[in-house]
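The next block holds one structure in the form of structure tokens; read it before the comments.
The values are calculated or read from the model by the stated rules, or taken from the named source; none is laboratory data. Keep in mind it's a predicted model, so treat the numbers as computed, not measured. Positions of Cβ are backbone-derived with ideal geometry, glycine not excepted, and every protein chain shown enters the neighbour counts.
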């Protein structure tokens, strides 16, 4: 679905500035959950655009997941904290046989997860966790969101928070992109960094959605700019120094930039 303009007798309401209420990605998830996207959701970096791939990123079926990913999920003992749960695809899978608490900062995503059947899902900022000490055994942090900590000092502070809400046998699964293996020319939103094994990624999300069944009135919802710190698994090891965590394992396909890391509490 594309946006029409006044030359075709339609009305377009647009705003270039993000607002406090803007939740384009969450609203795209919610629309998809309730019958399908009502427009186009994109990642935007200056003049560059790329599709948000809502179905692929947030509504994939376990039948489409790799065996290694499902095995890793199956290894997580409950209670599990699913941070940045999106539309709840992983929480739904996990809650079949263990307790899961799913959280996301996006109200739209939380509503989409609730509509999809996630039992315990709530709006929470991952950088302002308010759970009792030792509440969880495992943490799932999927979607390279650890990079939103912004700096290695921020990563360490966040890991300290995770250590507080997990018990002595705590495990956390995190992910990121290794800048030393990236094709920086084609990687969307890439920003170079002079440090070895470090880069950044920046973009914002826009959702151009129809406000009526005819599709002749559209709204462009613009989210805030997201800035991710990208770092190699070796730099992740460095980032855990001085925290309660250690990197117990790294999973990736050969020569692939994307990786998942399993963190365990130091004994």
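Contact annotation: residue pairs with Cβ atoms under 7 Å, 6 or more positions apart or on different chains, pairing a residue in segment 43-56 that is more than 17 Å from residue 30 (Cβ to Cβ) with a partner that is exposed (fewer than 13 other Cβ atoms within 10 Å of the Cβ), are 43/50.
Apart from one condition, residue 243 fits all of (1) surrounded by 15 or more Cβ atoms within 10 Å (Cβ to Cβ); (2) modelled with pLDDT of 95 or more; (3) touching a strand residue (DSSP E or B) at 6+ places or on another chain (Cβ under 8 Å); the exception is (3).
Restricting to segment 257-267, and then to whatever is over 18 Å from residue 70 (Cβ atoms) and surrounded by fewer than 17 Cβ atoms within 10 Å (Cβ to Cβ), can you tell me which residue is modelled with the lowest pLDDT? Spell out the reasoning first.
Here is the first cut: in segment 257-267, the ones over 18 Å from residue 70 (Cβ atoms) are 257, 263-267.
Now narrow it down to the ones that are surrounded by fewer than 17 Cβ atoms within 10 Å (Cβ to Cβ): 264, 266-267.
On the way: 264: 98, 266: 92, 267: 81.
Checking each candidate, the answer is 267.
Annotation: of all residues in segment 73-94 being part of a strand (DSSP E or B) and over 13 Å from the mean Cα position of the chain (by Cα), the one that is surrounded by the most Cβ atoms within 10 Å (Cβ to Cβ) is 81. When residue 7 is tested against the conditions (1) part of a helix (DSSP H, G or I); (2) in contact with a strand residue (DSSP E or B) (Cβ under 7 Å, 6 or more places away or on another chain); (3) at pLDDT below 50, the lone failure is (2). Looking at segment 208-219, can you tell me whether even one residue there is surrounded by 18 or more Cβ atoms within 10 Å (Cβ to Cβ) and outside any strand (DSSP E or B)? Taking every residue of segment 208-219 in turn, none turns out to be surrounded by 18 or more Cβ atoms within 10 Å (Cβ to Cβ) and outside any strand (DSSP E or B). Residue under question is residue 139, and the condition is that it be in contact (Cβ under 8 Å) with a residue 40 or more places away in the chain, assigned to a strand (DSSP E or B), closer than 25 Å to residue 225 by Cβ and touching a strand residue (DSSP E or B) at 6+ places or on another chain (Cβ under 7 Å); does it hold? So residue 139 does not fit the description; no.
If you go through segment 90-102 and keep only what is without any contact (Cβ under 8 Å) to a residue 24 or more places away in the chain and closer than 15 Å to residue 58 by Cβ, you end up with just 102.
Residues are listed down the side, and each one gets a yes or a no for (1) within 21 Å of residue 23 (Cα to Cα); (2) crowded, with 24+ Cβ neighbours inside 10 Å; (3) over 16 Å from the mean Cα position of the chain (by Cα):
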residue: 96; (1), (2), (3): no, no, yes
residue: 102; (1), (2), (3): yes, yes, no
residue: 110; (1), (2), (3): yes, yes, no
residue: 122; (1), (2), (3): yes, no, no
residue: 125; (1), (2), (3): yes, no, no
